[in-house]
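The values are calculated or read from the model by the stated rules, or taken from the named source; none is laboratory data. For clarity, every value in this text was computed on a predicted model and none was experimentally measured. Cβ atoms come from the backbone with ideal geometry, glycine included; neighbour counts cover every protein chain shown. All accessible areas refer to the heavy atoms of the entire protein, side chains included, with ligands and DNA or RNA removed. Shrake-Rupley method; radii C 1.70, N 1.55, O 1.52, S 1.80 Å.
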2 protein chains.
Amino acid sequence: MVGRPRDERARNVILRRAADIASQDGLEGLSIGRLATDLGLSKSGLFGFFGSKEELQLATIRAAMGVYVNEVVQPALTVPPGLGRVRRLCENWLSYSQRRVFPGGCFFFAVTAEFDARPGRVRDAIAAAGLDWAAFVARAIDDARQLGELADDTDADQLAFELIAFLEAANVTSLLHDDANAYERARTAIRKRLDTAMTGP
Amino acid sequence: MVGRPRDERARNVILRRAADIASQDGLEGLSIGRLATDLGLSKSGLFGFFGSKEELQLATIRAAMGVYVNEVVQPALTVPPGLGRVRRLCENWLSYSQRRVFPGGCFFFAVTAEFDARPGRVRDAIAAAGLDWAAFVARAIDDARQLGELADDTDADQLAFELIAFLEAANVTSLLHDDANAYERARTAIRKRLDTAMTGP
DNA sequence: CCTACCGATCGGTAGG
DNA sequence: CCTACCGATCGGTAGG
């Protein structure tokens, strides 16, 4: 099912716009007609790329995952494993949210809140992405622990939960109140929490 | 503009159902026709109660605020000011989320993520409720500080930000992954964070 | 990839 | 508070 290069480029343009819209108005607020008009395509032409609204939603999630990996995950892998990589992951995330890579803030925050109470393939795809991300953060934390940079008894899953909580709280607070201070709040919280984790509970 | 008692009772029933729907499908997913069918009313009859969809959305937010105050805020006021009240507020919140007082988890989490990137009166009402809540938590924290139960230099707004981050992370994690452990994660995080705040940074 | 169309549903209104 | 209706928009399809 791989199209010609030209089709793939078109798909990428479509899906990047779709992710922008969904970050603001949700994956249900993303309508095929509106997306087609935005891009200067016919509705049925755009529809033909995906075959159903659900497939468009799933493809949009995959495209947003690509952006997320490029913005948050990959640049952290240039830092060697350890506490530095954990800090870099958090900073990359805050920067990705603050720079409004997606105009509605973190794409995954928006669509998670939208689908967390609606069963289906879209929710399942969002949940899988969330588990992957939490496991990746926990792995980076556990690497730091094994390297002796965090206390031996550090619970990586617990610490990942707390750091991710700070990141998401900064995202939603800055969006809702146009308050960039929320990012400094999160940075302060993360710094202090990692300091505590260095010496143990 | 106060209706007869009978009208007020009907309004309460309508708005409680509206809040349930919105917690799962959002305030845009809440359609007048669906709400009317659910309640056995005609669409135009229900429409007449509110006059516009936006007014229905605003009334639904006010109704959800009443539930929230009853479930989370009021029972914490039976505890004297201090650290005990702060802990009680957090526990009330986790219980309110975990018991699914609204079937889609915390009503305000759902609608905040939905409207945080859309200007308008609905967003403004949600933002005002969020500020009130954060200020209330910060006030409870500062009471505890003034009573000597938290370190003198405790930053109440910062600590409120962190505690609320844990609460909301538990809500969304439990919903997305059907994982009740998230509430224990939040309880652990809150307990440790308050312990740290007792002795100072 | 387009035009033209389908039935369903949306918010909202007329008229009683 | 109801029935009946309005134009707009939804996801999706027919036909080319």
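Candidates are the residues of the stretch B:97-119 that are over 22 Å from B:Ser174 (Cα atoms) and open to solvent by 30 Å² or more (accessible area, probe 1.4 Å); the one that is nearest to the other protein chains (Cβ to nearest Cβ) is B:Arg118. Just a yes or no: is a residue in the stretch A:177-187 buried (at least 21 other Cβ atoms within 10 Å of the Cβ) and closer than 30 Å to A:Gln57 by Cβ? The answer is yes, given that some residue of the stretch A:177-187 is buried (at least 21 other Cβ atoms within 10 Å of the Cβ) and closer than 30 Å to A:Gln57 by Cβ. Reported count of residues in the stretch A:5-24, each being open to solvent by 30 Å² or more (accessible area, probe 1.4 Å), within 14 Å of another protein chain (Cβ to nearest Cβ) and either away from DNA strand D (no atom under 16 Å from the Cβ) or small (Gly, Ala, Ser) (or both), is 0. Within the option set B:Leu94, B:Leu27, being of a type outside the set (Asp, Glu), buried (at least 17 other Cβ atoms within 10 Å of the Cβ), closer than 25 Å to B:Ala117 by Cα and more than 15 Å from DNA strand D (Cβ to nearest atom) holds for one residue only, B:Leu27. Checking the stretch B:99-111 against the condition returns no match, with no residue being touching a helix residue (DSSP H, G or I) at 6+ places or on another chain (Cβ under 7 Å), under 17 Å from A:Glu114 (Cβ atoms) and free of Cβ contacts under 8 Å to residues at least 40 places away in the same chain. For the stretch A:1-86, the helices (runs of 4 or more DSSP H) that sit wholly inside it and include 2 or more residues that are under 30 Å from A:Ala138 (Cβ atoms) are A:5-29, A:53-68, A:74-77.
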